[in-house]
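Notes follow the structure.
The values are calculated or read from the model by the stated rules, or taken from the named source; none is laboratory data. Predicted model only: the values in this text are computed from it and were never measured. Don't worry about glycine lacking a Cβ; one is built from the backbone with ideal geometry, like all the others, and counts go over all protein chains shown. SASA here: full protein model, heavy atoms, side chains in, ligands and nucleic acids out. Shrake-Rupley method; radii C 1.70, N 1.55, O 1.52, S 1.80 Å.
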Amino acid sequence: MAFRILSKCHIFKYITNTTFHTNLRSKDIHISTVHRDLMEFFDDKKNWAVEQIKVGRSWSKDELRIKSNQDLHKLWYVLLKERNMLLTMEHECKAQFELFPNPERIDKVEESMNNLETVVRERNEAYYKLEVGESAERPGQLVTNLLGLNFFYRKFEHLIPKFLNKQWRNKHTFNVVNGNIEKFQRLYREKLHNANRKSRNRDRNHVMHLMKRYPNMDMEAVKQQYPSVDIEKIKNYHKVRGHYVP
Amino acid sequence: MSTRWYPIYQRGNPQLRIFLPNFWMKLVRPEEKQPKNVVQFKVPTGMTNYDIENYLKKIYKIKVIKVESSIENGKMKRAIFNKYGPIVKEDDFRRAFVTMPRDQEFEFPDVCTTEEFKKRTAEDEKSSKVSQDMYKDFLKKQGNRPGLPGWFSF
């Protein structure tokens, strides 16, 4: 699922024109971006139908933290194009029944994109805390729904405020007492309880059989792995004793 | 990411400005024969025609005349290929046909077949053919008397 916008993102407000396509000129270097149109969706010709493509690692957070906002903004589009290219090549290779060389490249790009976004989020948060005095994170709260279950509701902007929206208010009145919700909640809790009980029993049985098979086992490790099992209690059980004369 | 969500539309500037778009786009080989200036894409379902147009225009600097798109179902298949395998569904996607200006042409390149690739596969085929011939020889010798070891012969 793709989302769109960092609506509260103020660190980019000075970037009015995206400059990642224009020529980069300075005193020492002069780089003009290669204009390849739709062939940007494909890899370099030397990388077509090869067995292995060697690439470096992904961008780490610490590396991205020392970059400027503009650099991050440019890097995002580089990564975006790279990911599109890799996805296109992977799709084509799959369609032609060929192996896609080094598929971990996609993971690397995605990892660097995630890192970049967390860095942007950190900066945005810091900016908001300093300038506005509130968090830049998306607001939310715990809400009870129609079935009486709690969930974290992530708020978004509305045209009409809550107290003016009659239609919404009529839809969202959950204080009807007719016993149905209580019944559902009881059954739901029973289901959860049963699942919990079964998993506890499963663990205990497993530990008992382990103790039977391996009498000289490291019990500390077992305690750590199965914290719900009371080992002192199990020790005297019949199931734990192996098929040998003690 | 928690800071990514749609704000409501408001008239006037600043308009909805996307700083870090997260949409992917795949350029795919068209299944049906298309005019030379039509390109087929696979994009996420959340993308609109305007999104696709702006994406190509702004990021890839491609001239776009028209965009047509529709949401397609992901394929249902069995994860393990027998009748007991669990059924899995691939993700839904949006298939987009992008029309470029009439004078522009795009032909989908043969990414998987190059000269080097042909050379490499030819060697493989050669070796597999040698082993096939050897097996045929073996059958000629041993075909009438199954179970006997290969060395038991004159």
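Among A:Arg36, A:Arg204, A:Arg189, determine the one that fluctuates most according to a GNM of chain A built with springs between C-alpha atoms less than 10 Å apart.
Most flexible of the set in this elastic network: A:Arg204.
Could you give the dipole magnitude of chain B about its Cα centre, charging the beta-carbon of Lys and Arg +1 and that of Asp and Glu -1, in debye to the nearest 20?
So the magnitude is around 280 debye.
Hey, what angle do you get for helix A:104-131 against the long axis of chain A, alpha-carbon based, 0 to 90 degrees rounded to 10?
The answer is roughly 90 degrees.
According to the Kirkwood expression over distinct Cα-Cα pairs, how big is the hydrodynamic radius of region B:114-154, in Å?
Hydrodynamic radius (Kirkwood, Cα pairs) of region B:114-154 is 12.2 Å.
Not counting the cut sites, what is the longest span of chain B without GluC sites (Glu not before Pro) that DSSP labels loop and that have at most 14 other Cβ atoms within 10 Å?
Maximal segment without exposed cleavage sites: B:33-89.
Run down the lysines and flag those whose C-alpha is under 16 Å from the C-alpha of A:Lys46, throwing out any fewer than 8 positions away in its chain.
Reachable lysines: A:Lys54, B:Lys118, B:Lys119.
Can you tell me which of A:Val119, A:Val143, A:Val222 moves the most in a GNM of chain A? Springs connect C-alpha atoms under 10 Å apart.
Per the Cα network of chain A with a 10 Å cutoff, A:Val222 tops the list.
Identify all lysines with a Cα-Cα distance to A:Lys67 below 22 Å; exclude those on the same chain that are fewer than 8 residues away in sequence.
Leaving aside lysines fewer than 8 places away in the same chain, those within reach of A:Lys67 are A:Lys8, A:Lys13, A:Lys27, A:Lys81, A:Lys108, A:Lys129.
For region B:26-99, what is the per residue volume of the convex hull drawn over the alpha-carbon atoms, in cubic angstrom?
105
Any idea what the alpha-carbon Rg over 2.2 N^0.38 Å comes to for the protein assembly as shown?
1.44
For chain A, with only Lys/Arg (+1) and Asp/Glu (-1) charged at the beta-carbon, what is the dipole magnitude about the Cα centre, in debye rounded to 20?
1460
For region A:85-132, which chymotrypsin sites (Phe, Trp or Tyr not before Pro) are in a loop by DSSP, counting at most 14 other Cβ atoms within 10 Å?
A:Phe97
For A:Phe41, B:Phe81, write out the residues from largest to smallest accessible area, computed with a 1.4 angstrom probe and no ligands counted.
From most accessible down to least: B:Phe81, A:Phe41.
Report the Rg/Rh value for region A:39-132, based on alpha-carbon coordinates and the Kirkwood definition of Rh.
Using Cα coordinates only, the ratio equals 1.10.
Compute the acute angle (0 to 90°) between the alpha-carbon long axis of helix A:180-213 and the principal axis of greatest extent of the alpha-carbon atoms of chain A; round to the nearest 10°.
Its long axis makes an angle of about 80 degrees.
In terms of Cα to Cα distance under 27 Å, which lysines are near enough to A:Lys198, apart from those fewer than 8 places away along the same chain?
Leaving aside lysines fewer than 8 places away in the same chain, those within reach of A:Lys198 are A:Lys183, A:Lys212, A:Lys223, A:Lys233, A:Lys235, A:Lys239.
Evaluate 2.2 N^0.38 Å with N set to the residue count of region A:183-246, then give the Cα radius of gyration divided by it.
That works out to 1.42 for region A:183-246.
Any chance you could look up the accessible area of B:Asp91 with a 1.4 Å probe, heavy atoms only, rounded to 10 Å²?
For B:Asp91, solvent-accessible area is about 130 Å².
Can you tell me the orientation of helix A:69-95 relative to chain A, as the angle in degrees between its alpha-carbon axis and the longest Cα principal axis, to the nearest 10?
70
Quick one: the Cα spread of chain B along its three principal axes, in angstroms, biggest first?
96, 45, 27
In vacuum, with every alpha carbon of region A:70-224 counted as one equal point scatterer, what does the Debye formula give for log10 I(q)/I(0) at q = 0.17 Å⁻¹? Two decimals, please.
-0.99
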